[in-house]
Structures are given as structure tokens and as C-alpha cells.
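Student: Submitted below is the structure of interest, expressed as C-alpha cells.
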Amino acid sequence: MDRDWARLGSALRAAREDLGLGQKEVADRVGVSRNALRNVEIGDISRVTPTVREYARIVGWTEASIDAVLNGGEPTRETAVPPDQDMTVLVDTPEELPLRIKAALASEGPVLDTAVITLTGVDGLDSGAHMVIVVKGRTDGLTPEQIREALIQWEKTEAQIRSSGKE
């Protein structure tokens, strides 16, 4: 049986989009260029690489999902997601995270936005480290205008963080 690489790429892309993740964000997390990730998504590959395995892990697939999709089946998620839960909340909280971070991630309120910012070294080049920001907030009892204002404030803060790393 021929393995369907284009089907695998399409399924990975669909899973990424379902999670609200951008191509660049996933490429940064995998540690490859956006072009390399694009090649995976269009099926321009001929074997299962560490990049493909990491991509599948990021979108929450089980290890067997890659072979299942290549052979015409469907992927399965590592973690079942309640139907009322926002898919962007699929975040593994590594054991080494400080308790205050775990508590903040578990706090009430939906994830409003996320950002992955590449940290640069003193030479202005990619240091290999990333800052991960999860913006959560309470939305119950707030007017749409108040929520919009909070998101505008976050956008300003994010722009300041991103620009401070380019000095």
C-alpha cells in the first residue's frame, strides 16, 4: 500500500488550524523553517522524520496517528478535549514549571491569545530560546467593549515586548 504523504500533510495542517496555531508558530516550536513546515503540509516528504513526529506531538496526536493517517485512517488525540473547551487550551504543563505558572494556567477564564517570541542574543541573532506568553482572562460579566479594550491593551504590550528584543 502506498503511503499518502499529501494526506498526512493536509491532516497535520487541519489539526494546526483547528488549534488556532500559525504556521510560523509551529515551525518555531518544531525548530525548523516555515518553508520546511510548508513542505510537510503539502506532502513534499518521503519519510517520517523527527520534524513530522514533533509536529504531530504539538497538535496532540498519539504516536500511532502518523501511520494511521498515512495508511488512510484517522489521527487520534493524545488527550480527549471536552466539547465545550477551547482547543487552544491544549497545553501540556511540564512538571518543571513553577507552581505560580501552573496556577495561572489553571485559573478561570478562557485563553484570549498566545504568543511565542524568539529571543535574540547580544549579536541580534536567534538565541535558540523562546518566550511563551499565554493571555487568559475572565470574560463573564464584561461587556464586549471591555473585552475589546483588554485585547487592545494586550496588543500594545505584545508590540512593546517584541520591539524591545530588536534593540
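The values are calculated or read from the model by the stated rules, or taken from the named source; none is laboratory data. Note that this is a predicted model, so its numbers are computed, not measured. Methodologically, a virtual Cβ is constructed for each residue, glycine included, from the backbone with ideal geometry; neighbour enumeration extends over all protein chains shown.
Student: Against the definition (modelled with pLDDT under 90 and either of a type in the set (Val, Ile, Thr) or not in a helix (DSSP H, G or I) (or both)), how does ARG16 come out, yes or no?
Tutor: No: the conditions fail for ARG16.
Student: Of the residues in region 116-129, how many are closer than 17 Å to LEU97 by Cβ and surrounded by 15 or more Cβ atoms within 10 Å (Cβ to Cβ)? Talk me through it step by step, then tell me what you get.
Tutor: Quick first cut of region 116-129, residues closer than 17 Å to LEU97 by Cβ only: 116, 129.
Adding the requirement that they be surrounded by 15 or more Cβ atoms within 10 Å (Cβ to Cβ) leaves 116.
Qualifying residue count for the region: 1.
Student: Condition (residue is under 20 Å from HIS130 (Cα atoms), assigned to a loop (DSSP other than H, G, I, E, B) and of a type outside the set (Phe, Trp, Tyr)) applied to region 44-55: is it met by at least one residue?
Tutor: no
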